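Trainee: Can you keep this structure in mind? I'll have questions shortly.
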Amino acid sequence: MDIIGGGIGGLAAAAALAQIGRRVTVHERDEALPDTGTALGIWPAALRALDQIGAGDEVRAAGIRPRRGAFLRPDGSTIATIDVDRLHARTGDHIFMLSRPALLKILYRTAVRAGAEVRFGSTAQGTIVADGVFSRTRERLLGPAYRARYSGTTAWRGVITGMPTETFAEIWGPGVKFGVTPHEGGHTNWFASAAMPEGLFHPGHELQALRRIFGSWAAPVRPVLDAIEESGILRHDIYVTPPLPSYVHEGIVLIGDAAHAMAPDLGRGACEALIDAVTLAACLRHDQGLSLYDRKRRPATQRLARMAGMAARLTRMRHALPVRDGLLKVGMLAGPPG
Ligand SMILES: Cc1cc2nc3c(=O)[nH]c(=O)nc-3n(C[C@H](O)[C@H](O)[C@H](O)COP(=O)(O)OP(=O)(O)OC[C@H]3O[C@@H](n4cnc5c(N)ncnc54)[C@H](O)[C@@H]3O)c2cc1C
């Protein structure tokens, strides 16, 4: 089986499929795994998927667990706290923050150990499409109506080295937010987002743009902002995949962002790519394999994508902020999803 894309979904699928005895080749366009990248939140459901391919404990050991979590206002006051203990009580596990390069290395090793071949600098046609939000195969199969769409939000990300933190904090202002999380190795991961027209970049002046928006915000934003260097800023507009009528077309199956790129506001895209991968391998043991995969994964991921879209719209609100913050607080009373 040929897998297009050696990202999180593609490598996890390679591991899962090789482990059930399939001959697998992954075609990754890039020449190598990335060396740099920011932290991803890996939720309990994704850790269970990683456990199924034998990579869960390695991810738990390499990652870092936020001890506290909170949503704050720009002046530092609390909107709501994230009950990490309740999440543990409900799921038996924690959220771990792990950088994309570290996660990819673990998945790569797991796939190769299981017998999969991974070809870098390679593009090809494949039966499993894991080539991300801008998937060419999705467009070829379904047409331009299913091209990735700009979500209305732009994002900045980075890592401050040598600044440890144990807290996950999101600070919500009018139409903008700033996030600070732990990053393995004693670093701080940060992200920021704003409602903005598509493509409004400031090459070489992104730090200035960030200071203009967040410069007056209290801790924990202030010390992080003070430590950001222009060269360490990653800037992306956020695109989403329109809801697909099926994740399977002409015997070709879509997984991960190729199938359901969603707003990053719930931090679930990579997690869902991992779950897609192990679900696909489990379904391929059955006669109705591909249609079973579609039935199992499409409703769940499209629901999450809708929820992520709603969360993104809340963060883009510029008015009625007490109402918005009240909604967030009520949402957090139930505890975060597993
Ligand atoms: C700001 C931000 C924060 C996020 N935070 C989180 C988080 O905390 N937790 C979480 O779970 N998710 C998070 N996500 C989402 C997560 O990054 C994605 O959902 C995840 O990377 C999807 O994995 P994937 O394998 O489907 O796609 P990708 O990771 O995009 O991988 C696709 C791969 O395919 C390759 N490729 C593309 N075209 C071709 C081709 N033609 N031939 C061969 N190879 C090709 C690419 O080089 C790439 O390696 C975040 C996303 C953003 C933007």
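Trainee: Given the C-alpha atoms of the stretch 151-208, compute the convex hull and give its volume per residue in Å³.
Mentor: 100 Å³
Trainee: Within straight cross-link reach of Lys177, meaning Cα distance under 27 Å, which lysines are found once same-chain residues fewer than 8 apart are removed?
Mentor: Filter leaves Lys329.
Trainee: A further question follows. Mind ordering 197-207, 56-66, 123-133 by average Cβ neighbours within 10 Å, highest first? Spell out each step's value before the answer.
Mentor: On the way: 197-207: 11.9, 56-66: 17.9, 123-133: 20.5.
The packing order, highest mean first, is 123-133, 56-66, 197-207.
Trainee: Hey, another quick one. With the Cα gyration tensor of the chain in hand, give its eigenvalues times 5 under a square root as the equivalent ellipsoid semi-axes, listed largest first in whole angstrom.
Mentor: On the way: eigenvalues 214, 88, 81 Å².
Semi-axes, largest first: 33, 21, 20 Å.
Trainee: For the pair Ala227 and Asp57, what calculated FRET efficiency results from E = 1/(1 + (r/R0)^6), where r is the Cβ-Cβ distance and R0 = 41 Å, to the nearest 0.05? Working shown, then result.
Mentor: Working: r = 32 Å, r/R0 = 0.79.
Working from the Cβ atoms, E equals 0.80.
Trainee: On to the next question. Over the Cα atoms of the stretch 218-337, each weighted equally, I'd like the Debye log10 I(q)/I(0) at q = 0.10, 0.23 Å⁻¹, rounded to two decimals.
Mentor: Cα-only, vacuum Debye calculation for the stretch 218-337: -0.45, -1.27.
Trainee: Using only DSSP helix segments of four residues or longer, with each worth -39500 (n - 2.57), what per-residue ellipticity at 222 nm results for the chain after dividing by its residue count and rounding to 500? Please report the intermediate quantities before stating the final value.
Mentor: On the way: 12 runs with 133 residues, N = 338.
So the helix-based figure for the chain works out to -12000 deg cm²/dmol.
Trainee: Be a star and scan the stretch 254-273 for residues whose amide nitrogen sits under 20 Å from the point 7 Å along the Cα-to-Cβ vector of Ala320.
Mentor: Output list for this probe position: empty.
Trainee: Just to check, using Stokes-Einstein with a Kirkwood Rh over alpha carbon pairs, what's the diffusion coefficient of the stretch 39-146 at 20 °C and 1.002 mPa s in µm²/s?
Mentor: Details: Rh = 17.0 Å.
Answer, rounded: 126 µm²/s.
Trainee: Related question: For the stretch 22-91, what is the convex hull (Cα atoms) projected area averaged across all directions, in square nanometres? Each step should come with its number before you reach the end.
Mentor: Working: hull surface 32.1 nm².
With every direction weighted equally, the projected area is 8.0 nm².
Trainee: For the stretch 120-237, what log10 I(q)/I(0) values come out of the Debye formula at q = 0.10 1/Å, with one point per alpha carbon and no solvent?
Mentor: For the stretch 120-237 at q = 0.10 Å⁻¹, log10 I(q)/I(0) is -0.42.
FYI, it's all coordinate maths here, none of it is from the lab. No experiment lies behind these values; they were computed from the predicted model shown. So basically every Cβ, Gly included, is an ideal-geometry build from the backbone, and we count neighbours across all protein chains shown.
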